[in-house]
Amino acid sequence: MSRIGKKQVDLPAGVTASVSGQTIEVKGPKGVRTFKATDDVTIEVADNVVNVKPRGLSKRARQQWGMSRTLIANCVTGVTEGFKKELEINGVGYRAKMEGKTLNLTLGLSHDVNIDFPEGVTVTAPKPTEIIVEGIDQQQVGEVAAKIREWRKPEPYKGKGIKYKDEYIFRKEGKKK
């Protein structure tokens, strides 16, 4: 039995969910999210609660049961609170700034890096060494943050580069004489 799948997803005030076939649509104050489940599970909405149940006892049905419940819970969290990733830039001369809807990064390369991001994701740079990525889709927010970080990953000797705010960089000791 899936311990995660057995839990019900509570819908907070201001959030509605409707099911048509295998697709659930969640509407909230921040927007609308949809999720299409596989045929291995059934989705029921009643009394501001979403329940997910497997259709059978096959291994795949049990796997999809917990995953579907988690993805529906992420849809509910996205339309109520949203998701947020914070990045820090460390290094002399490394900085970020917004130019319209484009993020401009100066990372010690021979050119500046301009990054456009998809619809539904907002990127802000409140300080030259700080980037905040926000949105209602957890997967999109994580992907945009990873693409920004990919331009200059933190190195282990001085810690220069772009890192997540809560990330720990294991430091190495330099060469000895």
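Among the trypsin sites (Lys or Arg not before Pro) in the range 61-159, those placed in a DSSP loop whose Cβ has at most 10 other Cβ atoms within 10 Å are Lys101. Rounded to whole numbers, the Karplus 3J(HN,Hα) couplings from phi for the range 108-125 are x, 8, 6, 9, 7, 9, 10, 10, 9, 10, x, 4, x, 10, 10, 10, 10, 10 Hz, using 6.51 cos²θ - 1.76 cosθ + 1.60 with θ = phi - 60°, and x at Gly and Pro. Annotation: extensible slack from Ser18 through Ile169 equals 50.0 nm (criterion: 0.36 nm per residue apart, minus Cα-Cα distance). The Stokes-Einstein estimate for the chain, based on a Kirkwood radius over Cα pairs and taken at 25 °C with 0.890 mPa s viscosity, is a diffusion coefficient of 131 µm²/s. Amide H to amide H, with H built 1.01 Å from N, Lys84 comes under 5 Å of no residue 5 or more places away or on another chain. For the range 86-177, the number of Lys pairs separated by eight or more positions or lying on different chains, with C-alpha atoms closer than 14 Å, is 8. Taking amide H as placed 1.01 Å from N in the peptide plane, the amide H of Glu130 sits under 5 Å from that of Ile89, Ala96, each at least 5 places away or on another chain. Dipole magnitude for the range 3-80: about 360 debye, using +1 per Lys or Arg Cβ and -1 per Asp or Glu Cβ, origin at the Cα centre.
For the range 166-177, the Karplus equation 6.51 cos²θ - 1.76 cosθ + 1.60, evaluated at θ = phi - 60°, returns couplings of 9, 7, 9, 9, 5, 8, 9, 8, x, 5, 9, 8 Hz by residue, with Gly and Pro reported as x.
To the nearest 10 degrees, how steeply does helix 138-150 sit against the main Cα axis of the chain, on a 0 to 90 scale? Value to nearest ten degrees: 20.
Taken one residue at a time, the phi angles of the range 44-49 give Karplus couplings (6.51, -1.76, 1.60, θ = phi - 60°) of 10, 10, 7, 6, 6, 9 Hz. Gly and Pro are set to x. Of the GluC sites (Glu not before Pro) found in the range 117-177, those that fall in a DSSP loop while having at most 12 other beta-carbon atoms within 10 Å are Glu119, Glu167, Glu173.
Here, each number is a calculation from the coordinates, and none is a lab measurement. Keep in mind that this is a model prediction, so the values were computed, not measured. With ideal geometry, Cβ positions are generated from the backbone for all residues, glycine too; neighbour counts draw on all protein chains shown.
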